[in-house]
1. Need the full-extension length gain, LYS65 to THR78, defined as separation in residues times 0.36 nm minus the C-alpha distance. One decimal, nm.
2. Net charge around SER90, counting only other residues with Cβ within less than 12 Å of its Cβ (Lys, Arg = +1; Asp, Glu = -1)?
3. Just to make sure I understand: if all protein chains stay in place, what is the order of GLU59, GLU37, GLU119 by accessible area at 1.4 Å, largest first?
4. Any idea of LYS43's accessible area? Nearest 10 Å², probe 1.4 Å.
5. Return the FRET efficiency for the residue pair LEU32, LYS113: r is the Cβ-Cβ distance, R0 is 25 Å, and the value is rounded to the nearest 0.05.
6. Taking 8 Å as the Cα distance limit and 6 or more residues as the minimum spacing, I'd like the relative contact order of segment 77-132 as a percentage.
Amino acid sequence: MLAGAHAGKAGELEVIVQGFRASTEREIAQGLWLGGEEGIAGKRPDVLLRSGMHVYWIEVERSRKNAKDYKALLVWLTRVLHDSTQIGGSRLLRFGQQWERVIFICTRAFETKLRKDLEAVSWTPKQINMLLSFKSALYHFEETLFP
């Protein structure tokens, strides 16, 4: 279902047809999404999909993060992990909404590093696989040639 989603307007239409509500990069930048201007725990996604009360947070990692941003990502992910397992539901999302997945469209090298670093800060492989998905097959950019 999500693995088949394409970028751009065609992809947006595809997820809407499948029953998802897509918050686009433009809506997110303008604060017109469920996280508003502040984001969720101070972070904004590249794309956010909702299906009913389930939230799919999508990050596209195009380049290597600097150390400060990478550490902030680890801290944010740990907050989301704890929030996703709260008895009584999420405190970071709106009432009744729940974390379904944080999806990274990234290189295999980024996935390997992130998994290793999350385990180093006490995540178990089960927790990683429960909350996170990695889509390296979607991560490719075609070279654009200009005449």
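1. Details: separation 13, 0.36 × 13 = 4.68 nm, distance 1.75 nm.
Contour length minus the Cα-Cα distance gives 2.9 nm.
2. Cβ neighbours under 12 Å give a net charge of +1.
3. Details: GLU59 10, GLU37 115, GLU119 90 Å².
Ranked list, largest accessible area first: GLU37, GLU119, GLU59.
4. Spelled out: LYS43, probe radius 1.4 Å, area about 40 Å².
5. Efficiency computed from Cβ-Cβ geometry: 0.15.
6. Details: 32 pairs, mean separation 17.5, N = 56.
Rounded, it is 31 percent for segment 77-132.
The values are calculated or read from the model by the stated rules, or taken from the named source; none is laboratory data. Just so it is clear, the structure is predicted and the values come from calculations on it, not from any experiment. Note that each Cβ is placed from the backbone with ideal geometry, even for glycine, and that neighbours are counted across all protein chains shown. SASA here: full protein model, heavy atoms, side chains in, ligands and nucleic acids out. Shrake-Rupley method; radii C 1.70, N 1.55, O 1.52, S 1.80 Å.
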